[in-house]
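To keep things clear, I will list the structure first and then write my remarks on it.
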Amino acid sequence: MGCIDASSRAMQRASRTIQSGFYHTFYAWGAFVARRPKLVILLSLLTGLACMTRLWIALGGEALPTETEQSNLWVPPDSQAVTDKDRYEELFGRPTRRNEIYFTTDPKGGNVLTNSTFKEILRYDQSLKTKLTATTYDEDGSYEVLEVASPAFYLDVCARGAQSYAADNAGVGDCIQFSNPLELFQLNDGSYQLDLTDEEILEIVNSGKGLSTVLYPPNSAKTFDVQAVFGGIEYDAAGNIVSAKAVKVVYQMNDDESGEPIELASAAFEDQMNYMIGPDWTLDPPISEGSAWTRDGGEGPVDFESSSVDLYPETHAAIGVQLRGSIGGDVSSLTIGIMLIIVYALLVLARCHPVRSQALLALAGIASCGLAIGVSYGLTTGFGVPLNPVVNVLPFILLGIGVDDMFVLLNSLEATDDDLSVEEKIGQTMGMAGVSITVTSLTDMFAFLLGVSSSLPALSDFCIFAFIGILFDFF
């Protein structure tokens, strides 16, 4: 029992010694701040602005580094999946970019296995392959001319087969055609036969044999995969297809590592392809220029409008583009959040008293949080760590931690004697609040520092942003 008591007293003495050391350290700092407030504010502001240099560079046109590629965000770099992928690409080349366009009737719910629908599909297909172009791509905040070709046509970005088809096929050369329903109506010379009745179209679809004897030799067992291309299929009692609600057209394009010329050209063409269908399918403004949209002229000469069909694109870059847009898409939410915090702080701290009102202190505390957020983004991206969608939540975390520290400081200030000098008053405030703020801040920093070791790049990078933000929130 005596050993336990002795151990307890030793721990209490050690705790008091540590707390006393923290108190006197923060007391001395508070007293210095009270003596030299302008100097401390100026140095803090200049340090913060200097650490935000990368943000000022971004305002000049050089965008912040950003990562939206899913495999680079959520797959561990040293995982077996990445090793297998690299090995596959070494042996077989990089997989192509799969872009799918879905056609339905307008209004929805009608039958797409009609002459009018396939004529609209052909009109879209020929416009995309012969008229649509891309000239620039917004990679780093500025539209850069494509290196592959400018303007880049479909023929410049399409995935190519080992050998070309006998005919030029509407200018697509040896571009791979995959899951294209127009193949059913393609003739040996590469043209299309659509002077057919709806009944004749149904007969061809049910047979699974196209009109071309080159693609579908009479004695061959090769058939068109109807179920893979048509959706919402309905059958009669005999098992024959009588209608379908949707049809899919696939366009295969070349791909490469992110940022490489062919990858940028394909992404730009996909963006123009989306805008050709409608501006709702791209960012505002689009991330590319071409025959569908330009910065100077807006909507370009190539578009697609139809009174009988609706189109829905699912492009290879769609997820990445939307994630890229989401990085800047939470500005309104962040603004609302900041305003709510400001209003809350003012309601709690503002008083109808010329001396005791702490409204300006609340605003100063929130401004300090804003400076920490700016430093977190500027310093971290300056070190080359890219932004990613997870980082969007960082301002809310830093605001919450910073405002909580602000309330701790102001409560400690309230607890001091009004008769004390300013230097003594601020010294005691910092001495009392410094310990608790230090403990919570260190806990948060070490938690995120451990998160840096995460095998998921998106979480690891986010933890770096958070660690730096909390560090400067503390100081």
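Taking the longest Cα principal axis of the chain as reference, the axis of helix 331-349 is set at about 20 degrees. Carbon-plus-sulfur accessible fraction, region 96-322 (probe radius 1.4 Å, protein heavy atoms only): 49%. Between residue 18 and residue 90, the modelled label-to-label distance comes to 5.1 nm, taking each label 7 Å out from Cα in the direction of the beta carbon. When region 96-322 is described by a simple charge dipole with +1 on each Lys and Arg Cβ and -1 on each Asp and Glu Cβ, the residue from 176, 213, 157 located farthest towards its positive end is 213. For the chain, the longest principal axis of the alpha carbon atoms and the long axis of helix 359-382 meet at an angle near 50°. Rolling a 1.4 Å probe over the heavy atoms of the protein chains gives the chain an accessible area of 51 Å² per residue.
Among the GluC sites (Glu not before Pro) in region 233-276, which ones are in a DSSP loop with at most 16 other Cβ atoms within 10 Å of the Cβ? Mind listing them? Can you show the working numbers first?
Working: sites: 234, 257, 263, 270; in loops: 257.
Of the GluC sites (Glu not before Pro), the ones in loops of region 233-276 whose Cβ has at most 16 other Cβ atoms within 10 Å are 257.
Run lengths n ≥ 4 of DSSP H only: what is the helix-derived mean residue ellipticity at 222 nm for the chain, with -39500 (n - 2.57) per run over all residues, to the nearest 500? Walk me through the numbers on the way to the answer.
Working: 16 runs with 250 residues, N = 475.
Calculated mean residue ellipticity at 222 nm is -17500 deg cm²/dmol.
Is region 382-475 best put as rounded, prolate or oblate by its Cα gyration tensor, with a ≥ b ≥ c the root eigenvalues, rounded for a/c under 1.5, and otherwise prolate when a/b is larger than b/c, oblate when not? Prolate is the answer for region 382-475, as a/c is 1.5 or above and a/b outweighs b/c.
Note on region 211-285 and region 453-475: Cα centroid distance 42 Å, given to the nearest whole angstrom.
Mind checking the alpha-carbon convex hull of the chain and giving the volume per residue in Å³?
Working: hull volume 122.3 nm³, N = 475.
Each residue corresponds to 257 Å³ of Cα convex hull volume.
Could you tell me which of the pairs 209/245; 129/248; 85/209; 85/245 are separated by over 28 angstrom between their Cα atoms in the structure shown? Before the final figure, lay out the partial values.
Details: 209/245 21 Å; 129/248 16 Å; 85/209 36 Å; 85/245 36 Å.
Pairs exceeding 28 Å: 85/209; 85/245.
Does anything in region 108-129 have its amide N under 15 Å from the 7 Å Cα→Cβ label point of residue 187, and if so which residues? From region 108-129, the list is empty.
Hey, what D do you get for region 21-91 in µm²/s if you plug the Kirkwood alpha-carbon radius into Stokes-Einstein at 37 °C and 0.692 mPa s?
Working: Rh = 17.3 Å.
Stokes-Einstein gives a translational diffusion coefficient of 189 µm²/s.
Looking at the chain, the DSSP beta bridges with both ends there are about 95 percent antiparallel. Any idea which of 437, 302, 337 is furthest toward the positive side of the dipole for the chain, if Lys and Arg beta-carbons carry +1 and Asp and Glu beta-carbons -1? Value computed over the given set: 437. Counting pairwise Cα distances across region 133-288, what percent come out greater than 24 angstrom? It works out to 47 percent of all Cα pairs.
When only the Cβ of Lys, Arg, Asp and Glu is charged (+1, +1, -1, -1), the dipole of region 96-322 relative to its Cα centre reaches about 820 debye.
Relative to the longest principal axis of the Cα atoms of the chain, helix 115-130 runs at roughly 70 degrees.
The values are calculated or read from the model by the stated rules, or taken from the named source; none is laboratory data. Quantities reported herein were computed from a predicted structural model and do not represent experimental measurements. Using ideal geometry, Cβ is built from the backbone for each residue, glycine included, and neighbour counts are taken over all protein chains shown. Heads up: the accessible areas ignore ligands, DNA and RNA and are worked out on the full protein's heavy atoms, side chains in. Shrake-Rupley method; radii C 1.70, N 1.55, O 1.52, S 1.80 Å.
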